[in-house]
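Below you'll find the structure, written out as structure tokens, and then a few comments.
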Amino acid sequence: MGEEAAMGKRDRYAPGTFSWVEPATTDPQGAKAFYGELFGWEAEDMPAGESATYTMLSLDGDHVGGLYGMDAGQRERGVRPYWFGYVSVEEADAAAVRAHELGGAVIEEPFDVLDAGRTAVVQDPTGAMLAAWEPRQRAGAGRVNDPGCLTWNELQTREPEKAATFYEGLFGWQTEPIREDGRTVYVTIKTSGGRPNGGILPLDEAHGDAPSFWLPYFTVASCDGAAARVEALGGGVTAGPMELGAGRVAVARDPQGEATPFQGFRTSLPVVLRPSRSAWARAASASG
């Protein structure tokens, strides 16, 4: 999923690379228990302002993501729980300015996260959001691609061409559409250095009124085994396991989640389970 092709530990991310992920949930305790059992994540709560808590998630001592509870305002507005991704940049302020110039929106102006880094929340012209992360003391996840770790990021949108143009200008990504019968069925994303970094999946009428969103993928040693584990833990498998290209995939929900009724399903806290070797990375490499 990152600039480096090899799996394992990281202490830096090239600009334009996904580097961090965190779920916002209505039930932090339930989510910590569920993902701890599923992925082996260890949780450490940290104070985050007045009466707020941010949870660092680790795997064998390496930070792999974060977790936080949705605030009352989000719940009152009917915002569903979601995953939120971060992309490494050289300057968060410049990224925010550029996002606006490209037709996107700046949802949260750049701000410092203690001495860890500086970030800005941006929204692309199709409605999906992510954060630009300017690293200082913290580059991002200390480990990726291994079982239990972030390995891929996929934008699901009805306007893949518009989204691709925006992110090419914002992060310097290289995008390439995969077409079948004259229509785009997938778009591969590479960093400016040519490394696989994610993809774009076009939504169609079968997805109803689902909004654009970024979906993270996590590696597992056995897709079928992890899917069975999800159900044993009280969650549900909403799609798969199924073969997609060179990999096996399942989409699942945690015990607190409710699936949105469209083909493929988006869940309140989506978990995408994959075999250890990155099928999408191989597909992206082959497409170039």
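Any read-out appearing in this document is the output of simple, stated calculations on the displayed coordinates, not a laboratory observation. Note that the coordinates shown come from a computational prediction; the quantities given were computed from them, not determined experimentally. Cβ sites come from the backbone with ideal geometry, for glycine too, and all protein chains shown count toward neighbours.
Starting from the Cα coordinates of the chain, work out the convex hull volume and express it per residue in Å³.
Values: hull volume 35.4 nm³, N = 288.
Once divided by residue count, the hull of the chain is 123 Å³.
Would you compute, from DSSP H runs of 4+ residues alone, the mean residue ellipticity of the chain at 222 nm, taking -39500 (n - 2.57) per run and dividing by the full residue count, rounded to the nearest 500?
On the way: 6 runs with 58 residues, N = 288.
It comes out at -6000 deg cm²/dmol, rounded to the nearest 500.
Between the range 214-255 and the range 8-85, what is the C-alpha centre distance in whole Å?
19
Going by a ≥ b ≥ c, the root eigenvalues of the Cα gyration tensor, does the range 120-244 fall in the rounded group (a/c under 1.5), the prolate group (a/b larger than b/c) or the oblate group? List each step's numbers first, then the result.
Values: a/c = 1.71, a/b = 1.16, b/c = 1.47.
Cα axes put the range 120-244 in the oblate bin.
Is the range 8-143 best put as rounded, prolate or oblate by its Cα gyration tensor, with a ≥ b ≥ c the root eigenvalues, rounded for a/c under 1.5, and otherwise prolate when a/b is larger than b/c, oblate when not? Walk me through the intermediate numbers first.
Details: a/c = 1.83, a/b = 1.23, b/c = 1.49.
Here the range 8-143 falls in the oblate category.
Just want to confirm a number: the relative contact order over the chain, from Cα pairs under 8 angstrom separated by 6+ residues, in percent. It would help to have the intermediate numbers written out before the result.
Working: 698 pairs, mean separation 52.3, N = 288.
Here the relative contact order equals 18 percent.
Starting from 0.36 nm per residue, how many nanometres of slack lie between E76 and E180 once their C-alpha separation is accounted for? List each step's numbers first, then the result.
Details: separation 104, 0.36 × 104 = 37.44 nm, distance 4.24 nm.
That pair, E76 and E180, stretches by 33.2 nm at full extension.
Would you work out which of A96, S192, L130 lies farthest towards the positive end of the dipole of the chain, given +1 charges on the beta-carbon of Lys and Arg and -1 on that of Asp and Glu, about the Cα centre?
Most positive-ward Cα: S192.
Quick one: which residues, 5 or more positions from V113 or on another chain, have an amide H under 5 Å from its amide H? H modelled 1.01 Å from N in the peptide plane, none for Pro or chain starts.
Amide H neighbours of V113: R118, T119.
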